[in-house]
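The values are calculated or read from the model by the stated rules, or taken from the named source; none is laboratory data. Just so we're clear, the structure is a prediction, and the values are computed from it rather than from any experiment. Cβ atoms come from the backbone with ideal geometry, glycine included; neighbour counts cover every protein chain shown. The accessibility values were calculated without ligands, DNA or RNA, using every heavy atom of the protein model including side chains. Shrake-Rupley method; radii C 1.70, N 1.55, O 1.52, S 1.80 Å.
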Amino acid sequence: MSRTIAVKDSAGNDDYVVVEDSLTPQFYLSTGDALSLDSAGHFQDMATGFSYYVASDEDKEWLLGL
């Protein structure tokens, strides 16, 4: 099962993250780049170091439950 989460990059541009919800959740930017979840509201691109911030409080709460 997967979930799509709206995010903004550090410049304020909209994007989204796909969460592959399994025993060990995996996170991918819309481009397919792998992300790490640094906190419930912050992802980081593992290759570039760019930051992405969760736009919805509901999504932040869901991520806290992972």
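Out of region 1-34, which residues are under 12 Å from Ala55 (Cα atoms), open to solvent by less than 80 Å² (accessible area, probe 1.4 Å) and among the hydroxyl-bearing types (Ser, Thr, Tyr)? None; the set is empty.
Among what's in region 39-60 and is over 14 Å from Asp9 (Cβ atoms) and at pLDDT 95 or above, pick the residue that is surrounded by the most Cβ atoms within 10 Å (Cβ to Cβ).
Asp59
Residue check: Leu63 meets all listed conditions (1) touching a residue at least 40 places away in the same chain (Cβ under 8 Å); (2) surrounded by fewer than 13 Cβ atoms within 10 Å (Cβ to Cβ); (3) out of contact with any strand residue (DSSP E or B) (no Cβ under 6 Å at 6 or more places or on another chain) but one, namely (2).
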